[in-house]
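S.K.: Following this message is one structure expressed as structure tokens.
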């Protein structure tokens, strides 16, 4: 397979609407399974998302539910890691909403970040993933090429 460098563009109106729908969905999950909790689009959400991930019902959650959790995670990351913003990313796999660091080539595919781990049977530690991404972004400022390559599986 040929590697196609990613191209970035502003978040589309359609994607903005889809993200809003996914935020509503994940907020509904929080209300249903974690009464008294709320998503604030801050680092405090990492604990709430971990609690949601640990709910028994999430064992059978489908792709869409994990994408919605990824959107909430992305919103929290934007406040946790300065310089991240929603964008559209186009590459050899298609065009999707993602988080981009400043105007660099470093992006985070938050829509699939948890689903990939579910598919591989990996444990999900939301705060640990956020901290690892923060480290990658910090290293990107110091060494852009090495850090961008290290995020390929994020």
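Nothing in this text is a laboratory measurement; each read-out follows from the coordinates by a stated rule. Just so you know, these numbers come straight off a predicted model, no measurement behind them. Methodologically, a virtual Cβ is constructed for each residue, glycine included, from the backbone with ideal geometry; neighbour enumeration extends over all protein chains shown.
S.K.: Using only Cα atoms and rounding to the nearest 10 degrees, what angle (0 to 90) does helix 45-54 make with the longest principal axis of the chain?
M.R.: Helix 45-54 sits at roughly 60 degrees to that axis.
S.K.: Based on Cα positions only, what radius of gyration and what Dmax would you give for the range 12-154, in angstroms?
M.R.: Here Rg and the maximum Cα pair distance are 14.6, 44 Å.
S.K.: Could you tell me the calculated FRET efficiency between residue 11 and residue 62, based on Cβ-Cβ distance and R0 = 22 angstrom, to the nearest 0.05?
M.R.: 0.35
S.K.: At 222 nm, what value in deg cm²/dmol follows for the chain if DSSP H runs of at least 4 each add -39500 (n - 2.57) and the sum is divided by all its residues, to the nearest 500?
M.R.: -16500 deg cm²/dmol
S.K.: Output the 0 to 90 degree angle, nearest 10, between the alpha-carbon long axis of helix 13-33 and the longest principal axis computed from the alpha carbons of the chain.
M.R.: The helix 13-33 is inclined about 30 degrees to the chain.
S.K.: With label points built 7 Å along Cα→Cβ from the Cα atoms of residue 92 and residue 24, find their separation and express it in nm.
M.R.: Once both label points are built, they end up 3.8 nm from each other.
S.K.: OK, next. So, by mean Cβ neighbours within 10 angstrom, what's the order for 28-34, 47-53 with the highest one leading? If you can, show how the numbers build up before the last one.
M.R.: Values: 28-34: 15.3, 47-53: 18.6.
Averaged packing, sorted descending, gives the order 47-53, 28-34.
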